[in-house]
Number of protein chains: 2
Amino acid sequence: MVDTLLIPGPIVLSANVQKALGTPSLAHTSPEFLTVFSRVLQNTRKVFRADPKKGQPYVLPGSGTLGWDIAASNLICPNEKALVLSTGFFSDSFAECLKLYGADVDKLDAPIGGIVDPSEVESHLQKNKYRLITITHVDTSTAVLTDVKKITEIVHRVSPETFIIVDGVCSIGCEEFEFEKWGIDFALTASQKALGAPPGLSVSMISQRALDFAQHPETPTRSFFGSLKRWSPVMQNNESGKAAYFATPAVQLVNSLDVSLDEILQDTLEKRWEQHKKTSDWFKGKLTNELNLKLVSEPQASASGLTAVYVNEPPKVVSYLKQNGVVIAGGIHSEIGGKYIRVGHMGVSVVDPKLDHIPRAYELIKEAMH
Amino acid sequence: MVDTLLIPGPIVLSANVQKALGTPSLAHTSPEFLTVFSRVLQNTRKVFRADPKKGQPYVLPGSGTLGWDIAASNLICPNEKALVLSTGFFSDSFAECLKLYGADVDKLDAPIGGIVDPSEVESHLQKNKYRLITITHVDTSTAVLTDVKKITEIVHRVSPETFIIVDGVCSIGCEEFEFEKWGIDFALTASQKALGAPPGLSVSMISQRALDFAQHPETPTRSFFGSLKRWSPVMQNNESGKAAYFATPAVQLVNSLDVSLDEILQDTLEKRWEQHKKTSDWFKGKLTNELNLKLVSEPQASASGLTAVYVNEPPKVVSYLKQNGVVIAGGIHSEIGGKYIRVGHMGVSVVDPKLDHIPRAYELIKEAMH
């Protein structure tokens, strides 16, 4: 009996995504694989709600972390200023990554469970010239959801030249997200979150103006493996079905992502976002109203793809669910890490209610409380 | 009918390696996965012939290219000197990577198909103080095999403080390779070559002295995703079965590598190396003696895991084999790229002669000649 994986990524794979992993070896330069890869890149644009022609998607062997590297080493020069909105562990790590590549980082810390005050963002943008701003759409450590649209409106009004970078890990595929409409410059996620594929791929999208900046000869490239000067022509070729090489793609993972993106696009994204919100609202409602538990994230700033909730003795709750075949996660936060649990609700666990994953998790948490 | 993949990586997977890919999602922090990951790291030491306790293996989501990044951004400081022995496209790319991270690179170019003169290596090491030397054991672009042991002897004698870095892509798992005995400081490969797993993993090993250098507070870290300061404690924990996080591991690929490493270690490595050499000798002998073709690599410096051979109209040969269900590769070399073909013979295609992969490839090349 296989455990049901309800951590905030990797998530349970659909049967067809699982099956696609088992594809026999294909040459990464074969026409068969190029057809798949080209479709994956085009569908990445669709899931990000990006322009079908402008900018460029990237699907690279790596992880969500690699997306930070790409932004920090290609979209800002050393000593230029970056504004980081922090809503938890992952936002803080993005700031560390920016500093490593030489950025001068101002970090605005939200109160635990809350968001950064938009007026503070506005005043910082007025006082300083920022090359980029980073927004963690959902911080997987706290389940805090930031209103990306609202922040982008402030940036476009006050500092339109600032690149808007969104960490969309745990959001893209399950939260409302509009790359083109909201005027985002770079958004990144990982395959194993709401995209519903296995871990091992960094998936990202860049705007045309940010791409022009990254490819400009005067922009210093500070990472080799994450170099957009090297990857961009390769991805452009791959997207148009032509072989091009910088590093070998993870063929089987790309095959698997192809199936998961196709499943996501079978219906409208709006419906998918709504399904995640509804499941999340139901789950959070039961935990707070019936079990009198307190969420880590404030109600008006809570993610649809995961729940972080305070419980007494988190290890006992995690362990009780594990004994009953359901795997959830503990907290990760420097101050409150040991006080809460995290439950992921993304992908098939949400869109296929017959699986009964989330109601079952609720029942087990309820039992564990007694 | 699935094509037989005989490019120099990705290679054909064994049935059990293929099957391991299909594992349902596991939490990357679960005891089940940590057991697998710990074994993979320990077995990586064995396949590299490294010390079971000292130094540290790394299995990261990425590719062979990421291994260059790790060496270039952790094992040499900006403006320090690096000596690169180049036997083709991949050695040259490693040099580019080193330059990007600020190394002062001296590159010794071998004649096409040949190796770098050892006396030239010796005189360079005498004249300059090099932080590191890079040796591409097998350059996948030319099938040239460098005598790593001989070069390490020179380095240990003339400049023992110089780190010895070996690009073991297309060698580790099929060529004689002794990390500990030969006194290597960092060796890197990728999952999809002679390790017989799917693409998507960077697999590498560091010596204790190079690890101490990389982790020293005064050594500047210049890559975030490739930072050994960040990865080393994570891998140390994972190897001893403890959860630790920097970026999410590619769970399914690691499961698959676990099976392939186990298959490799079922018999002695010496036998495996011998099998590859024997198959390679047979194949190269048939091509040169019976078809009168000329190898790209000189006979005394030829890889066991692939063959690069000049043919008339390479695209026609590649295409004829493809029509008959066998996929081989064209040349990649700035000067002679359009004049030869490359055939990989690694892993199950070699150790399972019942598959008849290599004799079949030979017969098809023979037919294509007529």
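The values are calculated or read from the model by the stated rules, or taken from the named source; none is laboratory data. Since the structure is predicted, the reported quantities are computational estimates derived from the model, not experimental observations. Backbone-built Cβ (ideal geometry, glycine too); neighbour counts: all protein chains shown.
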Members of region B:237-260 that are small (Gly, Ala, Ser) and surrounded by fewer than 18 Cβ atoms within 10 Å (Cβ to Cβ): B:240, B:241, B:243, B:244
- prompt: Which condition number in (1) without any contact (Cβ under 8 Å) to a residue 40 or more places away in the chain; (2) more than 30 Å from residue A:226 (Cβ to Cβ) is the one that residue B:93 fails?
  reply: (2)
task: Quickly run through region B:223-236 and pick out the residues that are surrounded by 16 or more Cβ atoms within 10 Å (Cβ to Cβ) and either over 18 Å from residue A:97 (Cβ atoms) or at pLDDT below 95 (or both).
output: B:235
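Let's see how each residue does on (1) within 10 Å of chain A (Cβ to nearest Cβ); (2) in contact with a Ser or Thr (Cβ under 7 Å, 6 or more places away or on another chain):
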position	(1), (2)
B:4	yes, no
B:7	yes, no
B:10	yes, yes
B:19	yes, no
B:25	yes, no
B:32	yes, no
B:35	no, no
B:40	no, no
B:51	no, no
task: Please find, among B:101, B:130, the residue that is closer than 30 Å to residue B:224 by Cβ and more than 14 Å from chain A (Cβ to nearest Cβ).
output: B:130
- line: Of those in region B:315-350 that are hydrophobic (A, V, I, L, M, F, W, C) and part of a loop (DSSP other than H, G, I, E, B), the residue farthest from residue B:89 (Cα to Cα) is B:346
task: For residues that are among the acidic types (Asp, Glu) and assigned to a loop (DSSP other than H, G, I, E, B), scanning just region A:166-182, find the one that is farthest from the chain's Cα centre (by Cα).
output: A:180
task: Six or more apart or on different chains, Cβ under 9 Å: which pairs go from a residue in region B:144-160 that's under 21 Å from residue B:306 (Cβ atoms) to one that's among the charged types (D, E, K, R) and loosely packed, with under 14 Cβ neighbours inside 10 Å? Could you list them?
output: B:149/B:181
task: Name the one entry in A:15, A:20, A:27 that is over 20 Å from residue A:265 (Cβ atoms) and at pLDDT below 95.
output: A:27
- line: Note on region A:198-233: residues touching a strand residue (DSSP E or B) at 6+ places or on another chain (Cβ under 9 Å), closer than 28 Å to residue A:269 by Cα and outside any helix (DSSP H, G or I) are A:199, A:200, A:201, A:202, A:203, A:204, A:205, A:206, A:207
task: Hey, can you tell me all the residues within region A:149-174 that are closer than 26 Å to residue A:279 by Cα and crowded, with 24+ Cβ neighbours inside 10 Å?
output: A:166, A:167, A:168, A:169, A:170, A:171, A:172, A:173, A:174
query: In this structure, is residue A:57 surrounded by fewer than 19 Cβ atoms within 10 Å (Cβ to Cβ) and either more than 14 Å from chain B (Cβ to nearest Cβ) or touching a residue at least 40 places away in the same chain (Cβ under 8 Å) (or both)?
result: no
message: Among the residues that make up region A:90-98, is at least one of them more than 25 Å from residue A:284 (Cα to Cα) and away from chain B (no Cβ under 14 Å)?
response: no
- line: Checked region A:306-329 for anything closer than 19 Å to residue B:245 by Cβ and surrounded by 17 or more Cβ atoms within 10 Å (Cβ to Cβ); matches are A:306, A:308, A:314, A:318, A:327, A:328, A:329
query: From the residues in region A:331-370 that are surrounded by fewer than 18 Cβ atoms within 10 Å (Cβ to Cβ) and among the small types (Gly, Ala, Ser), which one is farthest from residue A:190 (Cα to Cα)?
result: A:338
- prompt: For region B:213-222, what are the residues that are surrounded by fewer than 16 Cβ atoms within 10 Å (Cβ to Cβ) and charged (D, E, K, R)?
  reply: B:218
statement: Restricting region B:198-254 to residues that are over 25 Å from residue B:29 (Cα atoms) and among the polar types (S, T, N, Q), the one nearest to the chain's Cα centre (by Cα) turns out to be B:207
query: Looking at residue A:102, is it crowded, with 24+ Cβ neighbours inside 10 Å, assigned by TED's automatic domain parsing to the domain that holds residue A:196, out of contact with any Lys or Arg (no Cβ under 6 Å at 6 or more places or on another chain) and in contact (Cβ under 8 Å) with a residue 60 or more places away in the chain?
result: no
statement: Filtering region A:286-305 down to residues that are in a loop (DSSP other than H, G, I, E, B), out of contact with any helix residue (DSSP H, G or I) (no Cβ under 8 Å at 6 or more places or on another chain) and either crowded, with 24+ Cβ neighbours inside 10 Å or in contact (Cβ under 8 Å) with a residue 24 or more places away in the chain (or both) yields A:296, A:297, A:298
field: Qualifying residues in region B:199-256 (those that are in contact (Cβ under 8 Å) with a residue 40 or more places away in the chain, more than 27 Å from residue A:221 (Cα to Cα) and polar (S, T, N, Q)) - the one farthest from the other protein chains (Cβ to nearest Cβ)
entry: B:208
- line: Pairs returned, first residue in region A:271-283 that is assigned to a helix (DSSP H, G or I), second residue that is among the charged types (D, E, K, R), beta-carbon separation under 7 angstrom, 6 or more apart or interchain, are A:273/A:175; A:273/A:176
field: Matching entry among A:80, A:122 (being touching a helix residue (DSSP H, G or I) at 6+ places or on another chain (Cβ under 9 Å), acidic (Asp, Glu) and surrounded by fewer than 23 Cβ atoms within 10 Å (Cβ to Cβ))
entry: A:122
- line: Of the residues in region B:261-285, those that are surrounded by fewer than 19 Cβ atoms within 10 Å (Cβ to Cβ) and either touching a Leu at 6+ places or on another chain (Cβ under 6 Å) or among the small types (Gly, Ala, Ser) (or both) number 1
